[in-house]
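Here the structure comes first, spelled out in structure tokens, and everything after it is commentary.
The values are calculated or read from the model by the stated rules, or taken from the named source; none is laboratory data. Owing to the predicted nature of the structure, the values given are computational and were not obtained by experimental measurement. Here the Cβ positions follow ideal geometry from the backbone for every residue, glycine too, while neighbour counts run over all protein chains shown. Just the protein is used for accessible areas: all its heavy atoms, side chains included, with ligands, DNA and RNA removed. Shrake-Rupley method; radii C 1.70, N 1.55, O 1.52, S 1.80 Å.
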Amino acid sequence: MPLFLKTFKALCLILVACTVSCKEKPEAQTSKKPNIIYIMSDDHTTQGFGIYGSRLAKLNPTPTLDKIANEGVIFENCFVHNSICTPSRAAIITGQQSQTNGILDLEGHLPTEKQYLPKEMKALGYQTALVGKWHLHNEPTNFDFYQVLPGQGKYFNPSFRVRGDKPWPNNTVKTEGHSTDNIMDITLDWLKTKRDPNKPFFLMHHFKAPHDDFENAPRYDDYLANNFIPEPESLYTRGNNGSEATRGKNDSLTRIIGSSVSHRNLIRNQAMNLYTDSTVYKNYRNQKDLKPNEYVKWAPDAKENEHTSEVYQEYLKRYLRCVKGVDDNVKRLIDYLESENLLENTIIVYTGDQGFMLGEHDYIDKRWMYEESLRMPFFVRYPEKLKAGIRTDAIINNTDFAPTMIELAGGKAPDYMQGKSFKHILETGEEPENWQQATYYRYWMHMAHRHQNPAHFGIRTKDYKLIFFYGKYWVDTDDPDAEWNKDSWGNDFTNHTPVAWEFYDLKKDPKEMNNAYGTPEYKDVIADLKTQLIKLREDLNETDANYPHIQKVIDTHWED
């Protein structure tokens, strides 16, 4: 056979082999850059996983998520900067604290020019998409594709806002079914039919679940029906948790501060949220309508504790049924990525937008700087670069997410972001030199939405926590010329609450049952924490220079 025919035959064989290979692997990623999928659920707290070893772990609520986590890096000390939806999401998108990005509370709007994370990812060559809950009010213009819930959105048959011919937010599409399923359907459809296979993609997939009012898909109605859900000891016994700021003198304010599982809080308790066929459903009260004789110290008897247990069981079962829906839908995503040969070149990030109180200290919801509300679940899977089975106690917070994902995508974290990239920790399991040893927290809203949480800020290290409750809304409501949203639902902004400090030794008291502020043995520790707290506030542009009515409280009570 002539040489040129042998060469031609060889080339044909190579071409056939390549064709067969391509068919065996539906998509061999042409780019070396990894895809990134950032999955975030709403209010999915660390207690609601197996991997974090809580009292609920033995129920195995998250087998899929636990598997992903165990194949990657798990963070034990990931914290939110402000445990409420809109500010947390703004910090994630901007890499900035509240005063820098301008989002202090749920009414904040994030303009296009501050939607930094998708802009940076696009500059690195990524196709960007956002699906699910956005909750930052303005159009998410900087994403190539979006399909987002309006505000909080609905659990069943939700509408979604999309890009279209009409101005935002008037382009909508209606879906049928449960939002957890719908949001995953949209994500899978985008991956299958709308993305550019020649580009790496950055996808933010945001579930609505398990946000209250905890409406699960009907197929989960029997999940955990016959199980007794383990209860936290602090549901019935608060010990020395709290202070005059959260309990009042001689516990005189326990009936109005902190929405409760039990009947303790007269304004909002969980029975009012759960029992739709009862006279108490949504029958919230206002503090100004309470009679003086109702401010009696909370002293539940056996019958009351029985009620509390009944409400807790219903609360947790509904919550965990929503979590189950999330876990099952994440499995749909993983199965698809695996079938399309995308899984190994895709970084999977999972988190919740904050923590959540599941009855600890007889509290519901979030907002508090207490552990269950402050701590976020966070883990990353990427076998090509990240070793499986790493657990780290390095301190990170939600302002660090954007810088880290930018660097994982091959970029450099921009200087305007206050958060720090923890890429080195992901790749080595070790903290780099001079890594942060504390995180700052601030809840700005004050006595909002009948959850009745006083405004506060504080510092959390690996061993200790110091909280300052200053008890005033960020707008000076005593100023007759001040303006704020007086029609905001369920808010008691004008009610100034007592000022107090709280300190917890987290090594000796991880469940925060003993406020040790003022204990002589901790005098030096507390003084050092106050020094660190001052520096953190200055470094992060989080002082109260713009809020003199709050600064006055700080100056008056700093040395209390």
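Students often get this wrong, so check it: of LYS133/LYS194; LYS133/LYS288; LYS317/LYS387, which have C-alpha atoms separated by over 23 Å? Mind showing how you got there, number by number?
Working: LYS133/LYS194 20 Å; LYS133/LYS288 34 Å; LYS317/LYS387 35 Å.
Among LYS133/LYS194; LYS133/LYS288; LYS317/LYS387, the Cα-Cα distance tops 23 Å for LYS133/LYS288; LYS317/LYS387.
Angle, helix 179-189 long axis vs. longest principal axis of the chain, Cα atoms, 0 to 90°, nearest 10?
Helix 179-189 and the main axis of the chain meet at about 20 degrees.
If we count every other residue with Cβ under 14 angstrom of GLY490's Cβ, Lys/Arg +1 and Asp/Glu -1, where does the sum land?
Numbers: positive: ARG268, LYS282, ARG285, LYS288, ARG367, ARG450, LYS486; negative: ASP105, GLU107, ASP212, ASP289, ASP365, ASP487, ASP492.
Surrounding charge for GLY490 is 0.
Can you tell me the Rg and the Dmax, both Å, for the Cα atoms in region 384-486?
That works out to 18.7, 60 Å for Rg and Dmax.
With the Cα gyration tensor of region 410-560 in hand, convert its eigenvalues to equivalent ellipsoid semi-axes via √(5λ) and list them largest first in whole Å.
Values: eigenvalues 179, 100, 46 Å².
After scaling each eigenvalue by five and taking roots: 30, 22, 15 Å.
So, for the chain, what is the accessible surface per residue at a probe of 1.4 Å, expressed in square angstrom?
41
Would you mind pulling out the separation of the Cα centroids of region 131-175 and region 349-363, in Å?
Comparing the Cα centres of region 131-175 and region 349-363, I get a distance of 26 Å.
Kindly provide the Kirkwood hydrodynamic radius of region 108-244 in Å, to one decimal, from all pairs of distinct alpha carbon atoms. Walk me through the intermediate numbers first.
On the way: mean 1/r = 0.0573 Å⁻¹.
After inverting the mean inverse Cα-Cα distance, the result is 17.5 Å.
Given LYS324/LYS486; LYS465/LYS552; LYS154/LYS282, which pairs have Cα atoms separated by over 27 Å?
From LYS324/LYS486; LYS465/LYS552; LYS154/LYS282, over 27 Å: LYS324/LYS486.
Post the alpha-carbon centroid distance, region 380-415 to region 317-335, in whole angstrom.
Cα centres, region 380-415 to region 317-335: 24 Å.
How about region 427-521: which GluC sites (Glu not before Pro) there are in a DSSP loop, with at most 12 other Cβ atoms within 10 Å of their Cβ?
On the way: sites: GLU427, GLU430, GLU433, GLU483, GLU502, GLU512, GLU521; in loops: GLU430, GLU433, GLU483, GLU512.
Answer by residue number: GLU430, GLU433, GLU483.
Can you give the helix-only mean residue ellipticity at 222 nm for the chain, where every DSSP H stretch with n ≥ 4 adds -39500 (n - 2.57) and the sum goes over all residues, rounded to the nearest 500 deg cm²/dmol?
The helix-only estimate for the chain comes to -8500 deg cm²/dmol at 222 nm.
Calculate how steeply helix 85-94 sits against the longest principal axis of the alpha-carbon atoms of the chain, using the helix alpha-carbon long axis, and give the answer as 0 to 90 degrees to the nearest 10.
Taking Cα atoms only, the helix is inclined about 50 degrees.
Suppose the Debye formula is applied to equal point scatterers at every Cα of the chain; what is log10 I(q)/I(0) at q = 0.08 Å⁻¹?
Listed by q, the Debye log ratios stand at -0.54.
How charged is the neighbourhood of VAL131? Take every other residue with its Cβ under 10 Å from the Cβ of VAL131, and add Lys/Arg as +1 and Asp/Glu as -1.
-1
Hey, how many Å between the Cα centroid of region 255-287 and the Cα centroid of region 504-519?
Cα centroid of region 255-287 versus Cα centroid of region 504-519: 29 Å apart.
Take every DSSP beta bridge with both residues inside region 40-185 and express the antiparallel ones as a percent of the total, to the nearest 5.
If we restrict to bridges inside region 40-185, about 60 percent are antiparallel.
Summarise the accessible area of the chain (1.4 Å probe, protein heavy atoms) by the percent that is carbon and sulfur.
Numbers: 11570 of 22840 Å².
Answer for the chain is 51 percent, counting heavy atoms of protein chains only.
Looking only at Cα atoms, what is the convex hull volume of region 302-437 per residue, in Å³?
Working: hull volume 19.4 nm³, N = 136.
Normalising the Cα hull of region 302-437 by residue number yields 143 Å³.
Among the DSSP beta bridges whose two residues both lie in the chain, what percent are antiparallel, rounded to the nearest 5? Please report the intermediate quantities before stating the final value.
Details: 32 of 62 bridges.
The antiparallel fraction comes to roughly 50 percent.
Would you check the accessible area of GLU244, probe 1.4 Å, heavy atoms only, in square angstrom rounded to 10?
Using a 1.4 Å probe on the heavy atoms, I get roughly 80 Å².
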